[in-house]
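Chemist: This structure is in structure tokens; I'll ask about it shortly.
The values are calculated or read from the model by the stated rules, or taken from the named source; none is laboratory data. Note that the structure is a prediction, hence the values are computed from the model and not measured. All Cβ positions, even for glycine, are placed from backbone atoms using ideal geometry, and neighbour counts span all protein chains on display.
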Amino acid sequence: MTVLTILRHAKSSWDESGISDFDRPLNGRGRDAAPRVGREMRNRKMAFDSVFASPAVRVRETIDGLARGYGQGLDVQFDQELYLADAETMFRKVRGLPAAAHSPLLVGHNPGLHDFVLRLTREDENALREQVSGNLPTAAAVMIELPANRWNEVEWGSGQIRELILPRELS
């Protein structure tokens, strides 16, 4: 059994004209949400042994806020291929994870992350998948349990969402 946690970056700013999409920072709402999600992950005892992420500014700032809320630094590997990656690219990256990674965290962008979560999971008894079927909101975290023993054995539609954190539900 393997566990993969997925996090969409927090809400980003569109205020600065002329700034590239890659360089867009978080807005105030995003800067508030990331540490709240980190605290909730810690409260639910969600743990990660590695983090792989898009190198975009909004993702980096989300990870910084998440780490503050979680209460510890995170060992992050930034991967340019994850910037605006589609579901197929993420699937290939997950299947290529080393055996030493037992509970990684993937941080990236929609629409690829949303599609990836839906394609990787099946319906669950708590209807968590249904809650994100229309959209994976900014700063949402999804913990997926996969029946594979090795990452290269992960298959589409095999996972079940075990934890779902939606920032709007956090006080």
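Chemist: Mind telling me which of the residues 128, 164, 97 ends up being within 12 Å of the chain's Cα centre (by Cα), surrounded by fewer than 21 Cβ atoms within 10 Å (Cβ to Cβ) and either at pLDDT below 95 or farther than 19 Å from residue 58 by Cβ (or both)?
Modeler: 164
Chemist: May I pose another question? Which condition number does residue 122 fail, the rest of (1) surrounded by fewer than 17 Cβ atoms within 10 Å (Cβ to Cβ); (2) out of contact with any strand residue (DSSP E or B) (no Cβ under 8 Å at 6 or more places or on another chain) being met?
Modeler: Looking at each condition in turn, residue 122 falls short on (2).
Chemist: Mind checking which pairs have a first residue in the stretch 44-73 that is closer than 21 Å to residue 98 by Cβ and part of a loop (DSSP other than H, G, I, E, B) and a second that is modelled with pLDDT of 95 or more and acidic (Asp, Glu), Cβ under 8 Å, 6 or more apart or different chains?
Modeler: Sorted first by the residue in the stretch 44-73, then by its partner, the pairs are 46/163; 54/79; 55/79.
Chemist: Let me ask another. Is it true that residue 42 is within 22 Å of residue 155 (Cα to Cα) and touching a Phe, Trp or Tyr at 6+ places or on another chain (Cβ under 7 Å)?
Modeler: In short, no.
Chemist: Quick one: count up the residues across the stretch 79-94 that are more than 15 Å from the chain's Cα centre (by Cα) and either closer than 25 Å to residue 147 by Cβ or crowded, with 18+ Cβ neighbours inside 10 Å (or both).
Modeler: Going through the stretch 79-94 one residue at a time, the tally reaches 2.
Chemist: What do you reckon, is residue 36 part of a helix (DSSP H, G or I), under 18 Å from residue 147 (Cα atoms) and over 13 Å from the mean Cα position of the chain (by Cα)?
Modeler: It is false that residue 36 is part of a helix (DSSP H, G or I), under 18 Å from residue 147 (Cα atoms) and over 13 Å from the mean Cα position of the chain (by Cα).
Chemist: Let me spell it out: the conditions are (1) under 17 Å from residue 164 (Cβ atoms); (2) at pLDDT 95 or above; (3) of a type in the set (A, V, I, L, M, F, W, C), and residue 47 meets all of them except one. Which number is the exception?
Modeler: Residue 47 satisfies all of (1) under 17 Å from residue 164 (Cβ atoms); (2) at pLDDT 95 or above; (3) of a type in the set (A, V, I, L, M, F, W, C) except (2).
Chemist: Here is a follow-up. Tell me, which helices (runs of 4 or more DSSP H) wholly within the stretch 82-171 include 3 or more residues that are touching a helix residue (DSSP H, G or I) at 6+ places or on another chain (Cβ under 8 Å)? Break it down stepwise before answering.
Modeler: Working: elements: 87-95, 112-120, 128-131.
Where helices (runs of 4 or more DSSP H) fall fully within the stretch 82-171 and carry at least 3 residues being touching a helix residue (DSSP H, G or I) at 6+ places or on another chain (Cβ under 8 Å), they are 87-95, 112-120.
Chemist: Take the stretch 31-50 and flag every residue that is touching an Asp or Glu at 6+ places or on another chain (Cβ under 8 Å) and surrounded by fewer than 21 Cβ atoms within 10 Å (Cβ to Cβ).
Modeler: Across the stretch 31-50, the qualifying residues are 31, 44, 46, 50.
Chemist: If you don't mind, there's one more thing I want to ask. Just to verify a result, which residue in the stretch 60-78, among those that are of a type outside the set (Phe, Trp, Tyr) and more than 14 Å from the chain's Cα centre (by Cα), is surrounded by the most Cβ atoms within 10 Å (Cβ to Cβ)?
Modeler: 69
Chemist: Consider residue 144 carefully, then state whether it is crowded, with 20+ Cβ neighbours inside 10 Å and without any contact (Cβ under 8 Å) to a residue 60 or more places away in the chain.
Modeler: Values: crowded, with 20+ Cβ neighbours inside 10 Å: yes; without any contact (Cβ under 8 Å) to a residue 60 or more places away in the chain: no.
No: the conditions fail for residue 144.
Chemist: Sort out which residues of the stretch 14-30 are crowded, with 17+ Cβ neighbours inside 10 Å and either touching a residue at least 60 places away in the same chain (Cβ under 8 Å) or part of a loop (DSSP other than H, G, I, E, B) (or both), and write them in order of number.
Modeler: 24, 27, 30, listed by residue number.
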